[in-house]
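All remarks here apply to the structure that follows.
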Amino acid sequence: MPTGVALRDVREQLFAAAERILVRDGPSALTTRAVTAEAGCANGVLHRHFADFDAFLAEFVLARVGQMDAQTAALRDSAGTGDVAENLTTALTALFGSVAVAIVALVTFRDELRARLRKDWPAGVPVLTEAAIMIASYLTAERALGRLAPDAQVDMLAPMLIGTAHLLFADRKGPPPDPTTVHKAVTAVLAGALPRPRP
């Protein structure tokens, strides 16, 4: 393996390599050697930038969670427009069609990684927790606009929607669910939270 490869943004190139391996081969395939080979650099490059491999993985997970900010903003901005179930279907499909499902598997696969993440993320699995916050924020905005029932329990609906979507997308090897299936599941979860028609 060449040792003189110039990497302009070493950390991001290593993160991108880890993401490709994780999505393609699963968490058990992630090793220092696999990541550096995928990134096209020497093994020592990773250890020059991170204390150890679990430190690298922790920063990788937190960096990918940070990328959810744009999705959060887009979903929040959609409040009051279109159809609530359709907006959620689009957001959940984008979220779980990305690396999110693979990151959940990675965090549950590695005990040391979970322990490290607890320092920055004291509760829950980072991707799922952040997604639940994103959905709850959107639902709160829709409730304030009268597009959900005034008594809609957004803090309960959000994890229900995340859990439902995660189950639909959890099979990495099979094809992803089609949008109709996701929309049907979202509609079922929201059924009791939609405004009641006036008599």
- Residues satisfying the stated conditions in segment 141-158, i.e. part of a loop (DSSP other than H, G, I, E, B) and either in contact with a Leu (Cβ under 8 Å, 6 or more places away or on another chain) or among the charged types (D, E, K, R) (or both): R147, L148, A149, D151, A152
- Task: Collect the residues in segment 35-54 that are aliphatic (A, V, I, L, M) and either within 21 Å of the chain's Cα centre (by Cα) or exposed (fewer than 15 other Cβ atoms within 10 Å of the Cβ) (or both), keeping them in residue-number order.
- Result: V35, A51
- Item | Identity of the residue in segment 1-17, at pLDDT 90 or above and within 14 Å of N43 (Cβ to Cβ), that ends up surrounded by the fewest Cβ atoms within 10 Å (Cβ to Cβ) | A17
- Item | Residue check for L128: under 13 Å from A85 (Cβ atoms) and either of a type in the set (A, V, I, L, M) or not in a loop (DSSP other than H, G, I, E, B) (or both) | no
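Go through A136, A115 for me and flag whichever is in contact with a helix residue (DSSP H, G or I) (Cβ under 9 Å, 6 or more places away or on another chain), at pLDDT below 90 and among the small types (G, A, S).
Of A136, A115, the one residue that is in contact with a helix residue (DSSP H, G or I) (Cβ under 9 Å, 6 or more places away or on another chain), at pLDDT below 90 and among the small types (G, A, S) is A115.
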- Can you tell me which of A79, A74 is hydrophobic (A, V, I, L, M, F, W, C), under 30 Å from P177 (Cβ atoms), in a loop (DSSP other than H, G, I, E, B) and in the same structural domain as T140 (by TED's automatic domain parsing)? A79
- Query: Is segment 50-62 home to any residue that is under 28 Å from L157 (Cα atoms), in a helix (DSSP H, G or I) and in contact (Cβ under 8 Å) with a residue 12 or more places away in the chain?
  - Reply: yes
- Task: Give the residue that is nearest to the chain's Cα centre (by Cα), with candidates limited to residues of segment 129-147 that are aliphatic (A, V, I, L, M) and surrounded by 21 or more Cβ atoms within 10 Å (Cβ to Cβ).
- Result: A131
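Can you tell me which residues in segment 128-138 are touching a residue at least 24 places away in the same chain (Cβ under 8 Å) and of a type in the set (A, V, I, L, M)?
Those that are touching a residue at least 24 places away in the same chain (Cβ under 8 Å) and of a type in the set (A, V, I, L, M): L128, A131, A132, I133, M134, I135.
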- Which one of these does V65 not meet: (1) in contact with a Phe, Trp or Tyr (Cβ under 9 Å, 6 or more places away or on another chain); (2) free of Cβ contacts under 8 Å to residues at least 60 places away in the same chain? (2)
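The rows are residues; the columns are (1) buried (at least 17 other Cβ atoms within 10 Å of the Cβ); (2) farther than 15 Å from T89 by Cβ; (3) in contact with a helix residue (DSSP H, G or I) (Cβ under 8 Å, 6 or more places away or on another chain).
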residue: A149; (1), (2), (3): no, yes, yes
residue: V154; (1), (2), (3): yes, yes, yes
residue: D171; (1), (2), (3): no, yes, no
residue: P175; (1), (2), (3): no, yes, no
residue: H183; (1), (2), (3): yes, no, yes
residue: P195; (1), (2), (3): no, yes, no
- Does L57 satisfy the condition of being of a type outside the set (F, W, Y) and within 23 Å of the chain's Cα centre (by Cα)? yes
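The values are calculated or read from the model by the stated rules, or taken from the named source; none is laboratory data. All figures in this text were calculated on a predicted structure; none of them were measured in a lab. Heads up, the Cβs are rebuilt from the backbone with ideal geometry, glycines too, and the neighbour counts pull from every protein chain shown.
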